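One structure below.
The values are calculated or read from the model by the stated rules, or taken from the named source; none is laboratory data. Here the structure is a predicted model, which means the values were calculated and not measured. Note that we place each Cβ from the backbone using ideal geometry, even for glycine, and neighbour counts take in every protein chain shown. Accessible surface areas use protein heavy atoms only, side chains included; no ligands, DNA or RNA. Shrake-Rupley method; radii C 1.70, N 1.55, O 1.52, S 1.80 Å.
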Amino acid sequence: MTQRHPPKAENAMVLFSGGQDSATCLAWALDRFDRVETIGFDYGQRHAVELTCRAKVRAGLAALNPGWAERLGDDHLVDAGVLKGLGETAMTHEVAIETSEAGLPSTFVPGRNLLFLTLAGALAVRRGISVLVGGMCETDYSGYPDCRNDTIEAQAETLRLGLDKPMRIETPLMYVDKAGTWAMADDLGGKPLVDLIVEETHTCYLGDRAHRHDWGYGCGTCPACELRKAGWERWRAAQ
Ligand code: ZN
């Protein structure tokens, strides 16, 4: 596989959870930056299976492309367990996945991305990194205010001011829907990358690794599975 984008003299830190979106972002970053480190957060999520996928996806990406293997730097797993103590959400407690009266899904963890980006920025400065890459997306997650582009741009400005360093937040999936995310993976790494994402990334809110579908593992019915499945079907139908 050839590198289509000449490496920039820039290093990036990818917020990498082990899910489909952040795995695609990691491949995107490996295609563009000189050195790419990853950061993941343990915040007491109900089903930490996603975190166990991270090492497999990193190893899989390195095996796909020697250029990617060279650029892939350290992984950092950060304890963000303080989030769980702030209150119950469907991501951290045994709470039903539903939409609240305020219109926010119960899977929304208030402040989660704000905290993650702050911690990633703080680590990036110590690692000589000036670009953060995240899978935040306005298209599918209309309910998550901390995935909006306005929020991300405001936070990038806050990090630049508060850290007094150049700092950019790249969100390659911001205006891409789930079908487009599969297409992006195909574009970046062809079938081997799509296969890796199907097999080794995890999206299901219920942590289901028992049921294997064309689009990967999951219960098939939670909102995260429904999005992943619908995106896969739209992408396949467009082939
Ligand atoms: Zn599911």
Exercise for the section: May I ask you to list the residues in the range 205-216 that are surrounded by 15 or more Cβ atoms within 10 Å (Cβ to Cβ), of a type in the set (A, V, I, L, M, F, W, C) and more than 9 Å from the ligand (Cβ to nearest atom)? Expected result: W215
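Results for (1) out of contact with any strand residue (DSSP E or B) (no Cβ under 7 Å at 6 or more places or on another chain); (2) aliphatic (A, V, I, L, M); (3) modelled with pLDDT of 95 or more; (4) outside any strand (DSSP E or B), shown as yes or no for each residue.
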{"residue": "L119", "(1), (2), (3), (4)": "no, yes, yes, yes"}
{"residue": "V125", "(1), (2), (3), (4)": "yes, yes, yes, yes"}
{"residue": "I129", "(1), (2), (3), (4)": "no, yes, yes, yes"}
{"residue": "I169", "(1), (2), (3), (4)": "no, yes, yes, no"}
{"residue": "M184", "(1), (2), (3), (4)": "yes, yes, yes, yes"}
{"residue": "G190", "(1), (2), (3), (4)": "yes, no, yes, yes"}
Exercise for the section: Would you be able to say whether some residue in the range 52-68 is among the polar types (S, T, N, Q), modelled with pLDDT of 95 or more and in contact with a Gly (Cβ under 8 Å, 6 or more places away or on another chain)? Expected result: yes
Exercise for the section: Filter the range 159-172 down to residues that are surrounded by fewer than 18 Cβ atoms within 10 Å (Cβ to Cβ) and over 29 Å from P66 (Cβ atoms) and give me whichever is farthest from the ligand (Cβ to nearest atom). Expected result: D164
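Go through the range 33-67 and report how many residues are open to solvent by 50 Å² or more (accessible area, probe 1.4 Å), outside any strand (DSSP E or B) and touching a strand residue (DSSP E or B) at 6+ places or on another chain (Cβ under 9 Å).
Quick first cut of the range 33-67, residues open to solvent by 50 Å² or more (accessible area, probe 1.4 Å) only: 34-35, 42, 46-47, 52, 55-56, 59, 63, 66.
Then drop every residue that is not outside any strand (DSSP E or B), which leaves 46-47, 52, 55-56, 59, 63, 66.
Add one more test, that the residue is touching a strand residue (DSSP E or B) at 6+ places or on another chain (Cβ under 9 Å), and what stays is 55.
So the answer is 1.
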Exercise for the section: Check the range 68-80 and report whether any residue there is open to solvent by 30 Å² or more (accessible area, probe 1.4 Å), over 25 Å from S130 (Cβ atoms) and over 16 Å from the mean Cα position of the chain (by Cα). Expected result: no
Exercise for the section: Working only within the range 15-32, note down all residues that are over 25 Å from L83 (Cβ atoms), in contact with a Lys or Arg (Cβ under 7 Å, 6 or more places away or on another chain) and open to solvent by less than 10 Å² (accessible area, probe 1.4 Å). Expected result: L30, D31
Problem - Top-ranked residue of the range 173-199 - restricted to ones that are of a type in the set (D, E, K, R) and closer than 19 Å to A238 by Cα, ranked as farthest from the ligand (Cβ to nearest atom) - result: D187
Practice task
Taking only the range 217-228 into account, find how many residues are open to solvent by 10 Å² or more (accessible area, probe 1.4 Å), in a helix (DSSP H, G or I) and near the ligand (Cβ under 9 Å from one of its atoms).
Solution key: 2
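Do we have H202 as within 16 Å of the ligand (Cβ to nearest atom) and touching a residue at least 12 places away in the same chain (Cβ under 8 Å) here? Write out each step before concluding.
Numbers: within 16 Å of the ligand (Cβ to nearest atom): yes; touching a residue at least 12 places away in the same chain (Cβ under 8 Å): yes.
Spelling it out, H202 is indeed within 16 Å of the ligand (Cβ to nearest atom) and touching a residue at least 12 places away in the same chain (Cβ under 8 Å).
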